[in-house]
Structure formats: structure tokens, C-alpha cells
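Participant: Below is a structure I'd like to ask you about.
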Amino acid sequence: MFEKLQKKWKVNGWQLLAILCTFAIGGSLTGIVGRKILQQLPEVHPVGWTILYIITMTLIWPLMVVLVSIPFGQYPFFKNYLFRIFQKMTNTPSSIPPSSIPPSPSSPLSPSSPFSIAIFASGTGSNAQKIIEHFHNHPSIRVALVVSNKATAGVLDKAVAAGIPTLLIEKERFFRGDGFVPELTTHGIDFIVLAGFLWKVPPSLIQAYPSRMINIHPALLPKYGGKGMYGNFVHEAVIAAGEKESGITIHYVDEQYDHGGTIFQATCPVFPEDTPETLANRIHALEHQHFPAVIESVILSKLVKNQPS
């Protein structure tokens, strides 16, 4: 049963445990709070009381599980989970009509086209792989392109294996030209995800995708960010400073390194015996656990926000 839930929800074992704990505690709190509310109401007919009980519990339960999900680090999952329940209850379509989305530099969405992501990566692409798996057969979001600045990057092989088009970019045009925006437009890209991409993004690309580009950083920004702070350089700095915890930061991209508004953070301990490699393993686990779900949450929130009322 647990393996089926992991596959259905696309989570690892620890995240499944946290989700189940959230369900259990949230359900218990719903019962406690619901009974206290009903005790304050005047006596009514048993049938009326039953109806009030059902309505009260239905309204309280989502709030309780969302509140409990925050300390368990599962807010992105439950936000998406409740959104899907709402879709089913109201028969809301998963794909939002293109007229409801503000114009972007890419081709606008058509009724039959999902929201298209481009993943930018410079290395082996372990995060990219998790993102590709997460959005496989997703009803309204797809990975439409993988972009890299290195011809030998392993992420390109992962994209080919998944049947996803790739784009190899070169420095001169990227920084001093059009930022490859025409190619992104051709592929109908609506949103950009930086997943271990080591080049600074040029203004031309940022201006083309305002608030539609996010990055993941292997530390708790604003600490240990900026030029040259990537990979083990970050972990070495964290350990050298004697930090007791580190983590990940998912944030919007602007024209400064690791500077855009924070979307999500998750933490992990730093142990006295840690090396950059052991800390990196812990950070990678956080990245794989949270990054795909946060991407989905950000995109779905944009789609819902721009639905016509």
C-alpha cells in the first residue's frame, strides 16, 4: 500500500511518512476544533446537528492539514492536494484557457497545450531528472525543453532518454545577444527552471520571463549566495563557518546572483563530522524532495490566479 502511495504522490519514504502524519494530526485537530465549535451552538434537531457537523468538519479539515503541513515541510504537497480536490469537486478543468494567462514572450497557450517548462542545467541533471519524472503525464504542465551550456553535460542524455528536445547554448550569444529567447519562443516555453545552471542569467532573458523563472540554491539564502557560491564551494563555506544547519532556497531569478524573492526554504542539520560531500548528500535529498512540488505549486498558483472570475 505504501509503495502505491509513493508512486501515486511521487514522493520518497520520508516524505510519505510526513504526509501520513500530517493527515493523522490534521484529522485529530479537525475533530477537536469542530466539537468545540459545535458545543457553542444552541441545541438543534439531530438531523440539523448532523448537517452542521458535516459542514463544519468539511470547512475545518483543509485549514488544519495545511497548518500541520508547515512544520512537517509538506505545505507544497498539501496545497496541490487540496487544489486537486477542489478541481474534482467543482469540475474545474486542469488546463487553464490561454485567454486567462497574461502574454508571455513564448507562444500563448492553446486550449490543448499544457504549460511548458524549460529546464536549464550545467551538470549531470539529478534535479532535472526528478522534475521530468514529476511532470510525466501531468495534465497541465510539461517539460518541453532542456537547455545546457555544456555539450558533455549528463542532463542532455537524460533529456534524450525521456524524449525531450534539447538546446545547447554558447556564451557570446547568451550574454551579448538575444539570450536564445527566439528558440525558447519557438518551443512555446512559458516558464524557466534553473536546476544547477552555473551561468548568470542575462537581462534579456530575465526581461523576457518576468516572475517566470526560478532557481534552487544549496544553502539558506541570503547566507552563502553570490558569485562563485555553488556546489561544494557552498558546503565548504557552511562547514567552515560552524553553521548548525543548512538547507535549500527556491527563489525567483533577478539580475543579481541568488537575489530574487524567496519562494520556499527547507533545512537540514550540519553535523560536526560533516564533509562537503556528506552535507551535499543531505542537501540533494532536500532538493529532490521539494523542488518538483514547489515548481508545480508556483505554476498552478499562477494559472489559478489568472483565471477569469
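Taken together, the values in this text are just the output of simple stated rules run on the coordinates, not laboratory data. Everything numeric in this text was worked out from a predicted model, so none of it was measured. Here the Cβ positions follow ideal geometry from the backbone for every residue, glycine too, while neighbour counts run over all protein chains shown.
Participant: Rounded to whole Å, give me the distance from the Cα center of region 227-260 to that of region 271-300.
Facilitator: 12 Å
Participant: May I ask you to sort 147, 201 by Cβ crowding, counting other Cβ atoms within 10 Å and putting the fewest first?
Facilitator: Values: 147 28, 201 21.
If I rank by nearby Cβ atoms, fewest first, I get 201, 147.
Participant: Something else now. Under the Karplus relation 6.51 cos²θ - 1.76 cosθ + 1.60, θ = phi - 60°, what is the ordered set of whole-Hz ³J(HN,Hα) values for region 154-163, x standing for Gly and Pro?
Facilitator: Coupling constants for region 154-163: x, 4, 5, 5, 5, 5, 4, 4, 8, x Hz.
Participant: To continue, here is another question. Using the Karplus equation 6.51 cos²θ - 1.76 cosθ + 1.60 (θ = phi - 60°), what ³J(HN,Hα) coupling, rounded to whole Hz, does each residue of region 227-236 give in order, writing x for Gly and Pro?
Facilitator: 4, x, 9, 8, x, 5, 4, 5, 5, 4
Participant: Counting only residues 5 or more places away or on other chains, whose amide H sits under 5 Å from the amide H of residue 263 once H atoms are built in the peptide plane?
Facilitator: The answer is 250, 251, 252.
Participant: Related question: Nearest 20 debye, what's the magnitude of the dipole of region 99-305 about its Cα centre given +1 on Lys and Arg Cβ and -1 on Asp and Glu Cβ?
Facilitator: Numbers: 15 positive and 18 negative charges, 84 e Å.
It works out to roughly 400 debye.
Participant: Across region 268-275, in residue order, what do the Karplus-derived ³J(HN,Hα) couplings come to in whole Hz, using 6.51 cos²θ - 1.76 cosθ + 1.60 with θ = phi - 60° and x for Gly and Pro?
Facilitator: Working through the residues one at a time gives 8, x, 10, 8, x, 8, 4, 10 Hz.
Participant: For residue 194, which sequence-distant residues (separation of 5 or more, or a different chain) have an amide H within less than 5 Å of its own amide H, given hydrogens modelled in the peptide plane?
Facilitator: 120, 214, 215, 216
Participant: Sort 190, 157, 274 by Cβ crowding within 10 Å, fewest neighbours at the top.
Facilitator: Values: 190 27, 157 14, 274 18.
With the fewest neighbours first, 190, 157, 274 line up as 157, 274, 190.
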